């Protein structure tokens with residue numbers, strides 16, 4: 001499945017040895033596809049600069065080249 005890499009981010013969380021995977025995408029259409037293809041994962045429409053998770057709650061975030069498509073001044077917010 002091809003995804004628009006500048007819009008997609010995955011969040012992986014490890015708590016007590018259990019992984020929770022959540023995917024976010026800026027495109028509602030891509031979230032529909034992700035929900036169909038990966039029904040066991042949480043899939044939400046969101047901007048990677050405003051992820052729908054509490055601060056410091058994810059164990060890690062994988063952006064798959066998403067950040068290179070942001071303007072340099074917008075990257076600061078993405079890393080905040």
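The values are calculated or read from the model by the stated rules, or taken from the named source; none is laboratory data. Note that the structure is predicted; figures quoted are calculated from it, not measured. Ideal geometry is used to build each Cβ from the backbone, glycine not excepted, and the neighbour counts take in all protein chains shown.
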Which pairs have Cβ atoms under 9 Å, sit 6 or more apart or on different chains, and link a residue in segment 32-49 that is under 20 Å from residue 80 (Cα atoms) to one that is modelled with pLDDT of 90 or more and exposed (fewer than 14 other Cβ atoms within 10 Å of the Cβ)? 45/28
From the options 32, 18, 11, residue that is surrounded by 15 or more Cβ atoms within 10 Å (Cβ to Cβ) and either under 20 Å from residue 57 (Cβ atoms) or modelled with pLDDT of 90 or more (or both): 11
